[in-house]
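Step one of this worksheet: look at the structure below.
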Amino acid sequence: MKKLTLIITVLLLSVTVLFAQGAAEAAKAEETFVFTDDLGREVTLPVNIDRVAPSGSMASAFLLAFDSDLIIGVTTRPSAVETEFFGSDYASLPVLGTFYGKKANLNREALIVASPQVVIDVGEIKGSTADMISDLDKLSSDIGIPVIFIESHLNGIADTFSRMGEALHREERGNELAAFAQEAVNYAHTIAGQVTDSTDFYYATNLDGLGAIPRGNFHAEVLETVGGNNVVDTTISSGNNQISLEELYKLNVEMIFVLEDSAYNVITTKSEWAYLPAVQANKVYRVPEVLFPMIDAPPAVNRIIGIYYAASKLYPELNTEDFLSKAEEFYSLYYGHTLTEAEKRELSR
């Protein structure tokens, strides 16, 4: 009888301990804190976040670098390269669409079903601050999920990671990524500060080579931050603006960067392009692409390593860092990825 009583007592104590542990874990999971986002909105978030939805391609790019396991939905169906980097589980996540942009197609129902703990928007302020506050407050109200905004531009890209670390309560990871990013930005300013004769460049993003990115547009920010002089001025105001070849001939185009193989082939093989200084000097570059292109598309995390690429092309005489070595460090730190020989060849083009 005493033995039975002892057994029952031990069992009761075990159940009590397990119940207490479960209650403590549940209480911890329900803990919240107030995060002030970069619009000044005070948003209540869970302390323990492991389910995050990106609002668009910028947010997706930053989250993939921060921790791809946090993502519970994708903005568009992942490419074969993204599947190779992040695995079949990532490739099979539900497509949620995007909230902002010309192709905005956010699927609110799919977002609700995916049940993230927070939706994160990253990038520039869209429209006015007041308009964006209204947009995100309404979205949060419609879906019943907190939505936060973290601003990002190249000079402040380290802060983007620090802020993401604060929001997700993963400060160590955020600070680790921020440190590498800040080192890259500092290097860009060091190069730019030594430039005495700026290299005049032209940057095109479409298939025929005549989609100009103008000066001051954030799509060309890497090249300008390193000290390059964008020959297309702000009379072509923003976006993928068409420019004529006749207009280009009036400009001193010393170096050309393109995103597309077709544009590279047009510029380097068509006779009508042959008299541009950049073509004659054999300084036309198709921007390398490993996961994302080095300097744009999207203008996100890839721009960190893009700084070292841009410096190696624009100012090889000032460049003190080995681009390929920095690339190996970057892909390992941000994606846990070891560059293949094929990827190294792509980066060395």
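The values are calculated or read from the model by the stated rules, or taken from the named source; none is laboratory data. These numbers were taken from a predicted model, which means no experiment stands behind them. Note that each Cβ is placed from the backbone with ideal geometry, even for glycine, and that neighbours are counted across all protein chains shown. These accessible areas exclude ligands, DNA and RNA; they are computed on the full protein's heavy atoms, side chains included. Shrake-Rupley method; radii C 1.70, N 1.55, O 1.52, S 1.80 Å.
The selection criterion, being surrounded by fewer than 21 Cβ atoms within 10 Å (Cβ to Cβ) and not polar (S, T, N, Q), holds for Val195. Taken over region 155-192, the residue count meeting the criterion of being surrounded by fewer than 20 Cβ atoms within 10 Å (Cβ to Cβ) and of a type outside the set (Ser, Thr, Tyr) is 20. When residues of region 142-164 are filtered for being over 13 Å from the mean Cα position of the chain (by Cα) and among the polar types (S, T, N, Q), how many remain? Qualifying residue count, region 142-164: 2. Would you confirm whether any residue within region 67-83 is farther than 27 Å from Ala179 by Cβ, open to solvent by less than 10 Å² (accessible area, probe 1.4 Å) and of a type outside the set (Asp, Glu)? Within region 67-83, one or more residues are farther than 27 Å from Ala179 by Cβ, open to solvent by less than 10 Å² (accessible area, probe 1.4 Å) and of a type outside the set (Asp, Glu). Within region 312-326, the set of residues being among the hydroxyl-bearing types (Ser, Thr, Tyr) and either in a helix (DSSP H, G or I) or surrounded by 11 or more Cβ atoms within 10 Å (Cβ to Cβ) (or both) comprises Ser312, Tyr315, Ser325. Taking the conditions (1) open to solvent by less than 30 Å² (accessible area, probe 1.4 Å); (2) outside any loop (DSSP other than H, G, I, E, B); (3) over 22 Å from His169 (Cα atoms) in turn, Ile112 satisfies each one other than (1). Residues that are modelled with pLDDT of 95 or more and surrounded by fewer than 19 Cβ atoms within 10 Å (Cβ to Cβ) within region 293-311 are absent altogether.
Among all positions in region 264-274, there is at least one residue which is hydroxyl-bearing (Ser, Thr, Tyr) and either open to solvent by less than 10 Å² (accessible area, probe 1.4 Å) or in contact with a Lys or Arg (Cβ under 6 Å, 6 or more places away or on another chain) (or both). On the stretch given as region 45-61, residues that are crowded, with 24+ Cβ neighbours inside 10 Å and polar (S, T, N, Q) total 2. Condition test on Asp142, is it of a type in the set (D, E, K, R), in contact with a Ser or Thr (Cβ under 9 Å, 6 or more places away or on another chain), at pLDDT 95 or above and open to solvent by 30 Å² or more (accessible area, probe 1.4 Å)? When the stated conditions are applied, Asp142 does not pass them. Taking the conditions (1) surrounded by fewer than 17 Cβ atoms within 10 Å (Cβ to Cβ); (2) within 20 Å of the chain's Cα centre (by Cα); (3) at negative phi; (4) not acidic (Asp, Glu) in turn, Gly336 satisfies each one other than (3). Only one of the numbered conditions (1) open to solvent by less than 70 Å² (accessible area, probe 1.4 Å); (2) more than 25 Å from Val34 (Cα to Cα); (3) at pLDDT 95 or above is violated by Ser92, and that is (1). Residues in region 198-231 that are open to solvent by less than 30 Å² (accessible area, probe 1.4 Å), of a type outside the set (A, V, I, L, M, F, W, C) and either in a helix (DSSP H, G or I) or in contact with a strand residue (DSSP E or B) (Cβ under 9 Å, 6 or more places away or on another chain) (or both): Thr199, Asp200, Tyr202, Tyr203, Thr205, Gly209, Gly211, Pro214, Asn217, Thr225, Gly228, Asn230. Residue-level check: of (1) in a strand (DSSP E or B); (2) surrounded by fewer than 22 Cβ atoms within 10 Å (Cβ to Cβ), Phe149 misses just (2).
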